[in-house]
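Working notes, beginning with the structure itself.
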Amino acid sequence: RVATGATIGVAFAAVDLMELGEASLRGLDLLPGTVITVFDPDRIVLFRSDDDLLAVGDVMPDSEVVDDVVRLGTGTFERVGIDGTMRLHGFSVMPGGSSGEAAGHAMVSIPADMAYAAADASLSFGVMALVALGLAGVIGAYVAADRLITRPLRTVTATAGRIAAGDLPARTGVSVTP
């Protein structure tokens, strides 16, 4: 505007939010099925890495997940996502201007089975190792009991039977070790 108040021109700038978002994701090693969503205070989608269900400009659906993200601001929880998949959600509020209001929310959602896959594999390995160690312990106890208790007792019993049958010079041959 000039001093008289008349408008002399208008500046306009456009930003392709999808291109901006995709450019910021390049080079990131995300788990398969990971979805990143950014939406404004009116729940309008500004960016979504998976546009199968929602596109830029769509309104986020009314759901427990979206309500909790807006209510809590920052955190994590596990819930069924808008796609019907159990997901681990991490989210944060995007700070706004000087008024202190939120400019929007950013949310990363990972399928729960993918998020916990490494822990599940580690747990499975640990359980198999414990079963193998337990089985080795049982086999070791059986072998030790057979050699240290059962065999000598069979020998003593057989020798006692021979002595009862009249073979008085019979001996067990079992040695006593201190």
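Mean-square fluctuation check for the chain, GNM, Cα pairs under 10 Å: which of 158, 11, 119 is largest?
Looking only at 158, 11, 119, the biggest GNM fluctuation is shown by 11.
Per-residue accessible area for residue 125 at 1.4 Å probe radius, Å² rounded to 10?
Roll a 1.4 Å probe over it and residue 125 shows about 140 Å².
For the chain, what is the relative contact order in percent, using Cα pairs closer than 8 Å and at least 6 residues apart in sequence?
Working: 194 pairs, mean separation 25.3, N = 178.
It comes to 14 percent, rounded to a whole number.
Specify whether the C-alpha gyration tensor of the range 138-178 places it in the rounded, prolate or oblate class, a ≥ b ≥ c being the square roots of the eigenvalues: rounded for a/c under 1.5, otherwise prolate if a/b is larger than b/c and oblate if not.
Oblate is the answer for the range 138-178, as a/c is 1.5 or above yet b/c matches or exceeds a/b.
Gaussian network model of the chain, Cα springs within a sub-10 Å range: biggest mean-square fluctuation belongs to which of 95, 41, 152?
Looking only at 95, 41, 152, the biggest GNM fluctuation is shown by 152.
So which trypsin sites (Lys or Arg not before Pro) in the range 116-178 end up in coil per DSSP with only 16 or fewer other C-beta atoms within 10 Å?
Passing both the DSSP loop test and the Cβ count: 171.
Calculate what fraction, in whole %, of the accessible area of the range 37-178 sits on carbon and sulfur atoms when a 1.4 Å probe is rolled over the protein chains.
Of all accessible area on the range 37-178, carbon and sulfur atoms account for 64 percent.
Each label point is 7 Å from the Cα along the Cα-to-Cβ direction; what then is the distance between the points at residue 143 and residue 44, in nm?
It is 7.5 nm.
May I ask for the equivalent-ellipsoid semi-axes of the chain, computed as the square root of five times each C-alpha gyration tensor eigenvalue and listed largest first in whole Å?
80, 14, 14
Using a Gaussian network model on the chain with a 10 Å cutoff between Cα atoms, which of 85, 157, 74 fluctuates the most?
Greatest mean-square fluctuation among the candidates belongs to 157.
Based solely on its DSSP helices, what 222 nm [θ] is calculated for the chain when runs of n ≥ 4 H residues each add -39,500 (n - 2.57) and the sum is averaged over all residues, nearest 500 deg cm²/dmol?
Counting only the DSSP helices, I get -11500 deg cm²/dmol.
About the Cα centre of the range 48-178, what is the dipole size in debye to 20, counting +1 per Lys and Arg Cβ and -1 per Asp and Glu Cβ, all else neutral?
In debye, rounded to 20, the range 48-178 gives about 1820.
Ignoring ligands and nucleic acids, what accessible area does residue 148 show with a 1.4 Å probe (Å², nearest 10)?
Counting only protein heavy atoms, the figure is 140 Å².
Tell me, how many Å apart are the Cα centres for the range 107-141 and for the range 39-69?
When both Cα centres are located, 36 Å separates them.
The values are calculated or read from the model by the stated rules, or taken from the named source; none is laboratory data. All figures in this text were calculated on a predicted structure; none of them were measured in a lab. Neighbour counts run over all protein chains shown; Cβ positions are idealised from the backbone, glycine included. For the accessible areas, the whole protein counts, side chains as well, though only heavy atoms, and no ligand, DNA or RNA atoms are used. Shrake-Rupley method; radii C 1.70, N 1.55, O 1.52, S 1.80 Å.
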